[in-house]
Amino acid sequence: MATESSSTARLSCTSVPPARRVPSMIDDVREGLLSPPRWLPPKYFYDETGSLLFEAICDTPEYYPSRTEAALLAEYAGEIMTLSRPRHLLELGSGSSRKTRLLLDAWTAPAGTYWPFDVCAEMVASSGRALIDDYPDLVVRGLEGDYHGGLSCLPLPAEGRRLVAFLGGTIGNFHPGEAEAMLGEIADLLREGDHVLIGFDRIKDPAVLAAAYDDAAGVTARFNRNVLNVLNCALEADFPVEDYRHRSVYDPELQRVEMRLRAGHDHRVTFGRLATSIDMAGGEEILTEISRKFTPASFRRLLAAAGLVETAHFEAEGGLYSLVLAARR
Ligand code: AVJ
């Protein structure tokens, strides 16, 4: 069960044990990187530098998803809260909880409890402290853990209507079967009257997508290459980081942006911690992230496969980005 690590009356942080084993970085590198086709899970982007670079991506003019989602929340938070009337708000991957404030601002229920769930304990604690200062009636029950380990160990009380928020378009990082499994885990948290709020990015002009994932200032390129620094540090590897070129490719068949890193020349990479090495050929690529794009219909099909049904759909002008409220079917 979850263990209490710190608390004041309105703020506590607990650590959530995984319901199933989460592969380690070594497991992931062995599976994805040691032989072609080479790939890495996108979660390794987010060390401290990577998290800052992601925030910088959100400030580039080309990267519309984050600010479009924030605008949708600003416009529709009242309606979302009125439709879902939660007592408990659980957020998966809460980060700084910056956008969540738009929901909290519209939350009129007395003594609601916000449950931010994130891999970064310091983030949960610092954003929780700021939130209880700014929202005098709010109770914050911070949860530190990895949602890749499942959601069945979250210490949510049995009583009270729930709203689960899964924002940022992160669902797009999951391959089809994984996305269905993840939404299925969320569905398992929902009872009669409970809702989930999901943000997802839409299929659009490939030129707009290409620019969003390859901004002119090169922030996304630095973010992408940074994952090699993360491996260099954690695994005592020696990727020549600056000799890799950032690429973003939209695949219209698979309806996804792929982020890749392309080796500039032939070289050998040694992994001290794995006592092994790989030979990278010049031009060879590593797939570092997929970011799937949906239509309203393709997203409804994904929801249906996970046992969910859309109850409200909020879309940005021109169908740039969507927020859906869904319930258990
Ligand atoms: C945070 C996963 C939603 O896929 O758009 C931004 C990450 N990658 N630019 C996305 C990302 C490159 C982002 N998500």
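The values are calculated or read from the model by the stated rules, or taken from the named source; none is laboratory data. Keep in mind that this is a model prediction, so the values were computed, not measured. Every residue, glycine among them, receives a Cβ derived from its backbone with ideal geometry; neighbour counts consider all protein chains shown. Please note that ligands, DNA and RNA were not included when accessible areas were found on the heavy atoms of the full protein model with its side chains. Shrake-Rupley method; radii C 1.70, N 1.55, O 1.52, S 1.80 Å.
Here's how it looks for V164: its modeled amide H is under 5 Å from those of L90, H195, V196, L197, which are all 5 or more places away or on a different chain.
Here the range 1-91 exposes an accessible surface that is 56 percent carbon and sulfur, computed with a 1.4 Å probe and the other protein chains kept in place. Taking the C-alpha atoms only, the angle from helix 64-84 to the longest principal axis of the chain is near 20 degrees.
Taking only the Cα atoms of the range 230-292, the ratio Rg/Rh comes out at 1.05, with Rh defined as the Kirkwood radius. Taking a label point 7 Å from the Cα of E55 along the Cα→Cβ vector, which residues of the range 217-245 have an amide N closer than 17 Å to it? Within reach of a label on E55: 219-220, 223. Simple rule: put +1 on each Lys or Arg Cβ and -1 on each Asp or Glu Cβ in the chain, find the dipole, and look at G168, G93, C153; the Cα lying farthest toward the positive end is C153.
Relative to the longest principal axis of the Cα atoms of the chain, the long axis of helix 121-134 lies at roughly 40 degrees.
The residues packed around R292, meaning those with a beta-carbon under 15 Å from its beta-carbon, carry a net charge of -1 if Lys and Arg are +1 and Asp and Glu are -1. Among residues other than H88 with Cβ under 13 Å from its Cβ, the summed charge is +3 (Lys and Arg +1, Asp and Glu -1).
Hull surface divided by four, with the convex hull built on the Cα atoms of the range 31-88: how many nm²?
7.3
Among the trypsin sites (Lys or Arg not before Pro) within the range 99-176, not one is in coil by DSSP while having at most 12 neighbouring Cβ atoms inside 10 Å. With θ taken as phi - 60° and the Karplus curve 6.51 cos²θ - 1.76 cosθ + 1.60 applied, the whole-hertz 3J(HN,Hα) list for the range 37-47 is x, 8, 8, 9, x, x, 5, 6, 4, 9, 7 Hz, x standing for glycine and proline.
Accessible surface of the range 165-206, 1.4 Å probe: 51 percent of it comes from carbon and sulfur atoms.
Note on A109 and E75: their simple-model spin labels are 2.6 nm apart, each label 7 Å out from Cα toward Cβ. Sorted largest first, the principal axis extents computed over the alpha-carbon atoms of the range 54-210 equal 47, 34, 32 Å. For the range 1-126, the calculated P(r) over all alpha carbon pairs, in 5 Å bins from 0 to the bin holding the longest distance, is 2, 8, 13, 17, 17, 16, 14, 7, 4, 2, 0 percent.
Helix 176-189 and the longest principal axis of the C-alpha atoms of the chain enclose an angle of approximately 20°. Computed from the Cβ-Cβ distance with R0 of 35 Å, the FRET efficiency linking D238 to E178 stands at 0.70. The loop-placed chymotrypsin sites (Phe, Trp or Tyr not before Pro) in the range 168-254, going by DSSP, include none that has at most 12 neighbouring Cβ atoms within 10 Å of its Cβ. Mean projection of the Cα convex hull over all viewing directions, computed for the chain: 16.4 nm². Taking 0.36 nm per residue of separation and subtracting the current Cα-Cα distance, fully stretching the chain between A19 and T295 would add 96.2 nm. Residues in the chain average 44 Å² of solvent-accessible surface per residue, probe 1.4 Å, ligands and nucleic acids excluded.
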